[in-house]
Amino acid sequence: MTEPAQPSAPETEAPPEVRLAEAGQWTLMRRRFRRHKLAVVSLWLLFGMYLLAAFCEFVSPYAPDTRNIRYLWGGPQRVRFVRPDGRFAPRPFVHGYRRADLEDTWSVALEPDPARIYEVRFFVRGEPYRMWGLWETDRHLFGVRGADGQPGFIHLLGTDRQGRDMFTRVLYGARISLTIGLVGVAMTFVLGVVIGGIAGYAGGVTDLVVQRIMEVLQSVPSLPLWMGLSAALPATWSGVRVYFGVTIILGIIGWTGLARIVRGKFLALREEDYIVAARLLGASRGRVVFRHMLPGFMSHIITAMTLSIPGMILGETALSFLGIGLRPPVVSWGVLLQQAQNTSAMVLMPWLLIPGLFVVLTVLAFNLVGDGLRDAADPYN
Amino acid sequence: MNRTADEITARNPDAAASGGARADDDSVLTVENLEVRFDTEEGELSAVDDVSFAMRRGRILAIVGESGCGKSVTSYAILRLIQKPGRITGGTITFRPRGRPPVAITDLAENAEALRRLRGGDISMIFQEPMTALSPVHTVGNQIVEAILLHQDVSQADARARTVEMLGKVGIPAPERRIDQYPFEMSGGMRQRVVIAMALVCNPEILIADEPTTALDVTIQAQVMGLMKSLQRDLDTSVLLITHDLGVVAQLADDVCVMYLGRIVEQGTVRQVIHTPRHPYTIALLKSLPSLALKKARLPSIAGSVPALSARPPGCPFHPRCPHARHGVCDVGNPPPSEHLGAGHYAACLRVEEVARSEGRMPDVECRMPNAGTAKDNS
Amino acid sequence: MTRFIIWRLALMIPTLLLISIISFVVIQLPPGDIVTSTLDELLADGMEASEEQIAALRAMYHLDAPMPVRYLRWLGGMLRGDFGYSVQHQQPVSELIGERIALTVVVALSSLLLTWALALPTGILTAVKQYSPLDYAATVLAMLGMAVPNFMLALLVMWGAFTWFGVSIGGLFSPAYVDAPWSVARVLDLLKHLWVPMVVLGVGGTAGMVRIMRANLLDELRKPYVTTARAKGMRYWRVVLKYPVRIAVNPFISGIGVVLPMLFSGDAIVGVVLGLPTTGPLLLDALMNQDMYLAGSFIMILSALSVLGVLISDVALAMLDPRIRYD
Ligand SMILES: Nc1ncnc2c1ncn2[C@@H]1O[C@H](COP(=O)(O)OP(=O)(O)O)[C@@H](O)[C@H]1O
Ligand code: SF4
Ligand SMILES: [Mg+2]
């Protein structure tokens, strides 16, 4: 794409032309990306998810470990607009629940209680929290007002066996699961660009050794290795340390994909005219790399990074699901899914699988955005 | 689209004026008002627009023009090999085989058996890229034998024998050993010889050669061109030679079409077009040839550049670069129609007379043309 | 060809050494070792060990030697088929892992076959009929298939089987055959149970392969040799099947090296969910209990098998593609 439309352009004009072509390249890329409707939708979806994750304290009606002992193992409550008597309600509401004793006396089920109506309110006061650890507040995006002297409750995605709100926990989980992909990818970016760049730029023995290491890391089954490394994270570590530990573990294997791309591009670009020209003109190595070579394939790097985020997210989810990644009380989607591990829990409480739906949506969206980026960066490939 | 070829010829008043590259009784292939369009991001573009010419039987017709002017698209259209996003949107292509009724190629269905028989049987094609024109994972023998078996009812062994013979004919040494080699084991020149062998193995009436030597070394170019000429004479094949090498045209061709931006701007015999060019574009092409040592007579650049198809200038497509362009005449309306200048010589210029007066007679070009034989000295 | 294979085999040696180092690091990484965990157990039981006892224990397990020596000793042991000792199971590791590894390989290979059987025709059809409804449908399905984590799929399959058919699926054998010695009947029983993990593990790979096949074939379909073949007068489908498909299947072969580790990875977690008698559950169990020699051996062997897969695919590729063979 950096190829100018006019091959006969005089060579002396190369540097400004390259820069011009680059500016054009991004505009072109944006335009081509916009044509990829699904990718655009996915990008907005991701944007929304990250926004929710950023403001999860405010958006969620409860704290992640608040228990509602009146509603253990409760299913998602339906938001209703029509009252039991058939009249249209002034505000959306949810019903309270009552116990329904079943035939076999040992089990108890909850059923909606039409007599109890909890109206949904926006910007209500609720449990206090520190927003981003900066200021104290108790405003939540929404909540319910109680009835009959009892406080109400709203659990859009149900509760777990301890009565904790799944909606709240999914949002808090998003914060962990979504950022672990970003942090991990930032790490693979640094490792990949540096190692791949060195291999591609230096060539020779360095290149051979790096290639060998990359090959080995790529042929090792990643999950068992991740599992082996995660098991070494001390049980005494705090949530934050485990979080970074897991990220590092995911990055240790993840960099190879990016490094391979960077290396290949460096090898190819080394020979290109404008790089040779820059070198002949006496530009320093670092300058050649960062001013001329990196921008030449930034679009490819961004694409590769986008496409490697889902792998990170899935890795964290898998490790936490197995109980050797993040551990409660940290909330991530993988940790949440752990509750759905046995069939009976799943059959009784299928809503425990909902975090999985978020995983699927996120991965799907990242893949689609990555596809769109790839097409936009490289329309003929 | 159901007109027969004879009707077309009958309707074309110029057809009788023989000698040039327009249809007459001796034509083996006629192309009438061909139009090919591509559906692109910038809209529908005509890569080939209102192109008409005829190939004389047993002769070589050259199509010349700068890169991107629609030469390949024209040649692909003849075998109906245009692929999405392109398609033939108008015109007729008629093939007149010896001793058989004419075939209106443009009327055949995409998957018609007749079209399949035509391809490689009656009309075959050589492509520009000998490096990639052959499957890299099949032996050359495999690929040539297949071509024979597709069109002739012979045994595998006979087909193989014929292949060895053909490889020998195109000048491949030790053909009985080479036949089992893979393309990557051969040089570019050898591969192009293989491709030529594959194209001629079924004795086609027409050979379309799309820049057959562009990708080769200069020395090899001359050899391959010489080979094509001698095979053409031996087998009495009619050849459509696509090239942007005016030296080759002067050397090999009988008739010439000069294309610019998807349209034919001048056509006639080599004598007419090279010695007495009438269209300013042709004149510019000839003038821009370096006067001596035309070893690599690629088309050199003319002032200005070829506009993109999406920005086709109104009026005469050549007017932004034409020294004779006249404001209000050349830059308005439709592209100028092809004018018959006599004896089958055509030019699509509104100011032919004025151009001829101001340019005078072109210096004798033939003596400046390179000789295919001398090109070897270059190495 | 023979030289090519020998060269490739020679290349495997540094690779395997690197893998063994990685595995050894995994073994050594957790704080504590066999002795400290034994001591912890003793402490929990209200007993204490003297300094001398501890030293004796350390010497017994060769823990007193420096790290490189311990590595070499471990490596030497492996070459003799001795993978160390499982503290938790009080058995040599080699006795614990044999059948589990074998079953993992069976599950992985059958998934691989399923992947090929599904991805090849789908990939060809979607490329040739690009932008057709079929292409879109396959693309959507492939995208979904790649986005659903395999353990989620395993959960969903189990959940579906239970809620709709009232059966609980899982394992690779019926209860009667779990501990039975190998027999024809046991193999048949295995085959009956195999399809669940096969499908669960195969979905992700199939989706990926369809995408790769489609992209490669689209690339190949644009190549000049396809036009050459069409200009020869071949039928379109014959051209497609003889030339571009022949070249575009290369990723299927070279993909073995990528897919096999993916399948082993998948088995590690799907095996846990579906309760398969494969490596996954035992690996997890070993890691949870810091039974590191057992865990490290699994990682070592699975990685070695993956590398073997790469070797096999390289050789197969060389046989299929003359360009590589003659290099
Ligand atoms: N696949 C395609 N998609 C869009 N436009 C095309 C395609 N192939 C050819 N064209 C257009 O047709 C024009 C003529 O191309 P071509 O016949 O290959 O030129 P040449 O004279 O160099 O052989 C090009 O300038 C290009 O704009
Ligand atoms: S019509 Fe006008 S612009 Fe076109 S070639 Fe003739 S003189 Fe030039
Ligand atoms: Mg061309």
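The values are calculated or read from the model by the stated rules, or taken from the named source; none is laboratory data. Small disclaimer: the values here were computed from a predicted structure and weren't measured. Ideal geometry is used to build each Cβ from the backbone, glycine not excepted, and the neighbour counts take in all protein chains shown.
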Inset, instruction - Please indicate, with yes or no, whether at least one residue in region B:182-194 is in a loop (DSSP other than H, G, I, E, B), surrounded by fewer than 18 Cβ atoms within 10 Å (Cβ to Cβ) and of a type outside the set (S, T, N, Q). - result: no
Inset, instruction - For region A:184-216, name all the residues that are touching a helix residue (DSSP H, G or I) at 6+ places or on another chain (Cβ under 9 Å) and within 14 Å of another protein chain (Cβ to nearest Cβ). - result: A:LEU208, A:VAL209, A:VAL210, A:GLN211, A:ARG212, A:ILE213, A:MET214, A:GLU215, A:VAL216
Legend entry - Residue tally, condition crowded, with 16+ Cβ neighbours inside 10 Å and either more than 11 Å from chain C (Cβ to nearest Cβ) or in contact (Cβ under 8 Å) with a residue 60 or more places away in the chain (or both), over region B:108-130: 12
Inset, instruction - Kindly indicate the residue of region C:266-281 that is surrounded by fewer than 24 Cβ atoms within 10 Å (Cβ to Cβ) and assigned to a helix (DSSP H, G or I) and also farthest from the other protein chains (Cβ to nearest Cβ) among those meeting that condition. - result: C:PRO281
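Output the residue which, of all residues in region B:131-144 that are over 13 Å from C:ALA231 (Cα atoms) and surrounded by 23 or more Cβ atoms within 10 Å (Cβ to Cβ), is nearest to ligand 1 (Cβ to nearest atom).
If we take residues in region B:131-144 being over 13 Å from C:ALA231 (Cα atoms) and surrounded by 23 or more Cβ atoms within 10 Å (Cβ to Cβ), then B:SER135 is nearest to ligand 1 (Cβ to nearest atom).
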Legend entry - Condition check for C:VAL199: in contact (Cβ under 8 Å) with a residue 60 or more places away in the chain, away from chain B (no Cβ under 14 Å), surrounded by fewer than 18 Cβ atoms within 10 Å (Cβ to Cβ) and under 27 Å from A:LEU357 (Cβ atoms): yes
Inset, instruction - Quickly run through region A:333-370 and pick out the residues that are more than 9 Å from chain C (Cβ to nearest Cβ), of a type in the set (A, V, I, L, M, F, W, C) and touching a Pro at 6+ places or on another chain (Cβ under 9 Å). - result: A:TRP333, A:VAL335, A:LEU336, A:TRP351, A:ILE354
Inset, instruction - Return yes when C:THR36 is over 31 Å from the mean Cα position of the chain (by Cα), within 14 Å of another protein chain (Cβ to nearest Cβ) and surrounded by 12 or more Cβ atoms within 10 Å (Cβ to Cβ) and no when it is not. - result: yes
Legend entry - Pairs with Cβ under 6 Å, 6+ apart, first in region B:244-269 and at pLDDT 85 or above, second hydroxyl-bearing (Ser, Thr, Tyr): B:ASP255/B:THR269; B:VAL258/B:THR282; B:TYR260/B:TYR281; B:GLY262/B:SER46; B:VAL265/B:TYR281; B:GLU266/B:THR282; B:GLN267/B:TYR346
Legend entry - Which listed residue is more than 29 Å from C:LEU302 (Cβ to Cβ), facing another protein chain (nearest Cβ under 9 Å), at pLDDT below 85 and touching a helix residue (DSSP H, G or I) at 6+ places or on another chain (Cβ under 8 Å), from C:TYR243, C:TYR236: C:TYR243
Inset, instruction - Could you tell me which numbered condition B:ILE82 fails, if it satisfies all but one of (1) within 18 Å of the chain's Cα centre (by Cα); (2) surrounded by fewer than 22 Cβ atoms within 10 Å (Cβ to Cβ); (3) more than 13 Å from ligand 1 (Cβ to nearest atom)? - result: (3)
Inset, instruction - Go through region B:39-71 and give me each residue that's near ligand 1 (Cβ under 7 Å from one of its atoms) and buried (at least 21 other Cβ atoms within 10 Å of the Cβ). - result: B:ALA47, B:GLY65, B:CYS69, B:GLY70, B:LYS71
Inset, instruction - For C:ALA286, indicate whether it is within 11 Å of chain A (Cβ to nearest Cβ), farther than 17 Å from C:LEU112 by Cβ and part of a helix (DSSP H, G or I). - result: yes
Inset, instruction - Sort out which residues of region B:200-222 are within 16 Å of ligand 1 (Cβ to nearest atom) and in contact with a strand residue (DSSP E or B) (Cβ under 7 Å, 6 or more places away or on another chain), and write them in order of number. - result: B:ILE208, B:ALA209, B:ASP210, B:GLU211, B:PRO212
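Can you tell which of C:ILE169, C:ILE97 is closer than 20 Å to C:VAL272 by Cβ and assigned to a helix (DSSP H, G or I)?
Checking each option against the conditions leaves just C:ILE97.
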Inset, instruction - Could you list all residues from region C:129-166 that are at the interface with another protein chain (Cβ under 7 Å from one of its Cβ atoms) and either touching a Cys at 6+ places or on another chain (Cβ under 7 Å) or part of a loop (DSSP other than H, G, I, E, B) (or both)? - result: C:VAL148, C:PRO149
Legend entry - For A:SER238: the one exception among (1) of a type in the set (Gly, Ala, Ser); (2) within 20 Å of the chain's Cα centre (by Cα); (3) farther than 28 Å from A:HIS300 by Cβ; (4) away from every other protein chain (no Cβ under 14 Å): (2)
Inset, instruction - Pairs only if they're at least six apart or on different chains, beta carbon under 8 angstrom, first in region B:59-77 and among the hydrophobic types (A, V, I, L, M, F, W, C), second near ligand 1 (Cβ under 6 Å from one of its atoms); list them, first residue then second. - result: B:ILE63/B:LYS71; B:VAL64/B:LYS71; B:VAL73/B:ALA47; B:VAL73/B:GLY86
Legend entry - Enumeration of residues in region B:64-113 that are assigned to a helix (DSSP H, G or I) and either farther than 28 Å from B:GLY247 by Cβ or within 16 Å of ligand 2 (Cβ to nearest atom) (or both): B:ILE105, B:THR106, B:ASP107, B:GLU113
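Here's the yes/no breakdown for (1) more than 25 Å from C:ILE269 (Cβ to Cβ); (2) surrounded by 21 or more Cβ atoms within 10 Å (Cβ to Cβ):
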residue: A:THR159; (1), (2): yes, yes
residue: A:GLY163; (1), (2): yes, no
residue: A:GLY181; (1), (2): no, yes
residue: A:GLY184; (1), (2): no, yes
residue: A:VAL190; (1), (2): yes, no
residue: A:ILE198; (1), (2): yes, no
residue: A:SER219; (1), (2): no, yes
residue: A:TRP237; (1), (2): no, no
residue: A:LEU250; (1), (2): no, yes
Inset, instruction - Name every residue in region B:35-63 that is within 13 Å of B:TYR260 (Cβ to Cβ) and either within 16 Å of ligand 2 (Cβ to nearest atom) or among the basic types (Lys, Arg) (or both), in order of residue number. - result: B:ASP49, B:ASP50
Legend entry - Considering residues of region B:195-238 that are β-branched (Val, Ile, Thr), assigned to a helix (DSSP H, G or I) and within 14 Å of chain C (Cβ to nearest Cβ) only, the residue nearest to ligand 3 (Cβ to nearest atom): B:VAL195
Inset, instruction - Can you give me the number of residues within region B:135-157 that are at pLDDT 90 or above, within 9 Å of chain C (Cβ to nearest Cβ) and in a loop (DSSP other than H, G, I, E, B)? - result: 1
Inset, instruction - Could you check B:ALA222 against (1) hydrophobic (A, V, I, L, M, F, W, C); (2) surrounded by 24 or more Cβ atoms within 10 Å (Cβ to Cβ); (3) touching a helix residue (DSSP H, G or I) at 6+ places or on another chain (Cβ under 8 Å); (4) at pLDDT 90 or above and say which number it fails? - result: (4)
Legend entry - Flag for C:ILE19 being within 9 Å of chain A (Cβ to nearest Cβ) and either of a type outside the set (D, E, K, R) or in a helix (DSSP H, G or I) (or both): yes
